[in-house]
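Just so it is clear, none of the values below were taken in a lab; they were calculated from the coordinates. Since we're looking at a predicted model, the values are computed, not measured. Note: ideal-geometry Cβ built from the backbone for every residue, glycine included; neighbour counts use all protein chains shown.
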Amino acid sequence: MKRIYIELASIIGLALFTQTVHADALAGPGGAFQQWTAAVLGPASAPIHGGPYWNNYSPDGPTANIGWCLVGTGGCVIASPPGAIAYWANGTASVANMYFQSSGIPVTVSLLGMLTNQLGTPQNSGYNVFGWYEINANGTIGAMTALWNSKTATIGETATFTPSGSYGLFLENIQGNGQADYFWFMNKTQDYSAGPDKNPIDTTQHFAVFSGTPGQYFVGMDDTDNGSLDYNDMIVKVTNAPEPRMFVLSGLSILCGLQLRRKWATA
């Protein structure tokens, strides 16, 4: 029996080291993950702006754009900041279209931060609706599902969904009880505005996507038309890779089963 335990433990260990992690991948024409360091941001006493398309001055504070949120040393605070992880771009420029390729594993989205005045208060002021969308075969926006809104959402809130194919995230900025709505997608060519008081939409990318671990992405968003492009108006973490501990627990369950079987056999 001791030999069985040793062999089984070896098999479990080998499985953990050779396991292929299935996770949703980010894609988009002309894009690739670009490395950066906190030095891009400059010192907190004299921040530097420029370089990566998301590294802009924030009206929320000189050290409050999405880069400072991720490194965790500025005026933007999120839980467990991941550091200076790679961002999806064409060099330092944004790409027009980004999307996730589904692996079939459920996706969990967590709300990490909202540095925005679009909170629905006072009455008739703007607010945001966040959600995900399916992508049609021809690349257009398919069914859209709202997950939460900035009027009622709380930091730490989560939502889970299982896409059947490629998908993206959207942010709808609603102004004046629907007098003007702006729809921002990870594919900026699909952005549009609606309502009697709408303005022409800007042509910028309203999403910045970062990743340092397979199946885990940090997404910063800019919510308003011709906004500051600090990408901190809503910050979420997208996770869908299975955790290795699941396999460890499975192995322990097998070991326990063998132990019980041995006891029954000798009883």
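Charged neighbours of ASN117, selected by a Cβ distance under 10 Å, balance to -3 (K, R count +1; D, E count -1). Centre-to-centre, using Cα atoms only, segment 170-218 and segment 79-123 are separated by 12 Å. The C-alpha atoms of segment 92-143 occupy a region whose extents along the principal axes are 41, 28, 27 Å, arranged from largest to smallest. All alpha carbon pair distances within segment 25-239 were sorted into 10 Å bins beginning at 0; the resulting P(r) in whole percents reads 9, 36, 39, 15, 1.
Kindly identify segment 185-226 as rounded, prolate or oblate by the Cα gyration tensor criterion: order the square roots of the eigenvalues as a ≥ b ≥ c, call it rounded if a/c is under 1.5, otherwise compare a/b with b/c, prolate if a/b is larger, else oblate. It is prolate, given that a/c is not under 1.5 and a/b is the larger ratio. Counting neighbouring Cβ atoms within 10 Å and putting the fewest first, the residues SER45, SER102 line up as SER45, SER102. In summary, the aspartates and glutamates within cross-link reach of LYS151, defined as a Cα separation below 15 angstrom excluding same-chain residues under 8 places away, comprise GLU172, ASP223, ASP233.
Ordered by the number of other Cβ atoms lying within 10 Å of each residue's own Cβ, fewest first, SER166, SER150 fall into the sequence SER166, SER150.
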